[in-house]
Ligand code: ATP
Ligand code: MG
């Protein structure tokens, strides 16, 4: 194969991670034409190609060095690593960054009426799941023998359909479990989306681009969590007001034209400002309190 001139990043084609993965890359300034239903999308302004595949394929593509990077759920990465380790296949890849989306837990759930007293009561039961490796590791540690019912989807209906006695599935709010008459009894793994990198050696130019993208990703993630807060504060209560603002060690204090008693306070806060805090600020005499989103941030 000739030397690759463009970086390759694998992302989920359609599913829970695809919109956030695309949004993250776009927020780094990458222009991507995703309108066509193509496997590969080219960035117009960076030497980067996006490979759009099923999430299950992403860890393998990275571990085999077919692509340089991937964005995938840690649960899928963990499962693939276990499978490959058992088959003596390469598992090389580095987690470069934990991302701020795709949060979920991998949990055991049983029917509402099941009298669950602990993992031991699943001994010799059949458990439906899409991620048998993580489930087996957990129950082996607990010393609980069981059998698997492997389902790539619709795991939540397995008990009602009489296919299994329990399920082990990804949960975020728990609404799907509840809608299917199930209760979550054990969280066995916590996952979020991660950016992973293959062992492929990067050229200096590609390494420089990666460093820039990582810095921009950090900037986007920090901006999402932060708020720009502006308010008018009475000089008499300035210290108490500053103490109430999260992460406001170095506020900007400005004079207010025509008002000797108050100053304008500008703060980049690392957290959201809740209504309760705003009400307390008001009690201390603050007025014109504005909380604004921040789009980008470079420290
Ligand atoms: P594909 O067609 O690409 O194989 P999929 O059906 O396997 O997709 P999705 O349901 O799109 O996968 O979920 C992708 C990832 O999103 C999961 O592996 C997990 O890391 C994360 N995720 C976050 N919340 C949830 C949830 N409530 N249920 C399932 N996955 C979740
Ligand atoms: Mg999948």
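Every read-out reported here was derived from the displayed coordinates using simple, explicitly stated rules and does not represent laboratory data. Fair warning: this is a prediction, and the values are worked out from it, not measured in the lab. Reconstructed Cβ throughout: ideal geometry from the backbone, glycine too, with neighbour counts over all protein chains shown.
Based on alpha carbons, the Rg and Dmax found for segment 171-299 are 22.0, 64 Å.
Residue-normalised convex hull volume from the C-alpha trace of the chain: 197 Å³ per residue. When the label point is put 7 Å from the Cα of residue 5 along its Cα-to-beta-carbon vector, which residues of segment 183-215 have a backbone N closer than 20 Å? The answer is 201-210, whose backbone nitrogens lie closer than 20 Å to the label point.
Its relative contact order, with pairs defined as Cα atoms under 8 Å and 6+ residues apart, puts segment 104-191 at 49 percent. With both labels modelled 7 Å from their Cα along Cα-to-Cβ, the residue 150 to residue 64 distance reads 1.7 nm. Is the shape of segment 92-247 rounded, prolate or oblate, going by the alpha carbon gyration tensor and its root eigenvalues a ≥ b ≥ c, with a/c under 1.5 for rounded and a/b larger than b/c for prolate? Oblate shape, in that a/c is at least 1.5 and b/c is the bigger or equal ratio. Would you please give the FRET efficiency between residue 117 and residue 35, computed as 1/(1 + (r/R0)^6) with r the Cβ-Cβ distance and R0 = 51 Å, to the nearest 0.05? Plugging the Cβ-Cβ distance into 1/(1 + (r/R0)^6) gives 0.45. Specify the residue with the greatest mean-square fluctuation among 172, 288, 191, computed from a Gaussian network of the chain linking alpha-carbon atoms under 10 Å apart. Maximum among the listed residues: 288.
Got a sec? Which residues in segment 61-80 would a label at residue 88 touch, if it sits 7 Å along Cα→Cβ and we count backbone N under 11 Å? Under cut-off, by backbone N: nothing.
The alpha-carbon atoms of segment 104-191, seen along their principal axes, cover 31, 27, 23 angstrom, with the largest extent given first.
Nearest-5 percent of antiparallel DSSP beta bridges in segment 1-91?
Working: 4 of 12 bridges.
Roughly 35 percent of the DSSP beta bridges within segment 1-91 come out antiparallel.
If you run the Gaussian network model on the chain, springs between alpha carbon atoms under 10 Å, then out of 235, 199, 183 the most flexible one is 235. Comparing 33, 200, 88 in a Gaussian network model of the chain, where Cα atoms under 10 Å apart are tied by springs, the biggest mean-square fluctuation is seen for 88.
What does the convex hull of the alpha-carbon atoms of segment 1-97 project to on average, in nm²? Let's see the in-between values first.
Working: hull surface 26.9 nm².
Taking a quarter of the hull surface, the average projection is 6.7 nm².
Here, P(r) means the percent of Cα pairs in each 10 Å bin from 0 to the largest distance; for segment 226-293 it is 23, 61, 16, 0.
Counting helices only, and only those DSSP H runs with n ≥ 4, report the 222 nm mean residue ellipticity of the chain as the sum of -39,500 (n - 2.57) divided by its residues, in deg cm²/dmol to the nearest 500. Please report the intermediate quantities before stating the final value.
Values: 8 runs with 83 residues, N = 299.
Computed mean residue ellipticity for the chain: -8000 deg cm²/dmol.
What residues of segment 165-207 lie in the reach of a label at residue 214, counting those whose backbone N is under 17 Å from a point 7 Å from the Cα along Cα→Cβ? Answer for segment 165-207: 194-207. Reported to the nearest whole Å, the Cα centre-to-centre distance from segment 29-105 to segment 144-193 is 25. On the basis of the beta-carbon distance and an R0 of 30 Å, residue 290 and residue 172 show a calculated FRET efficiency of 0.40.
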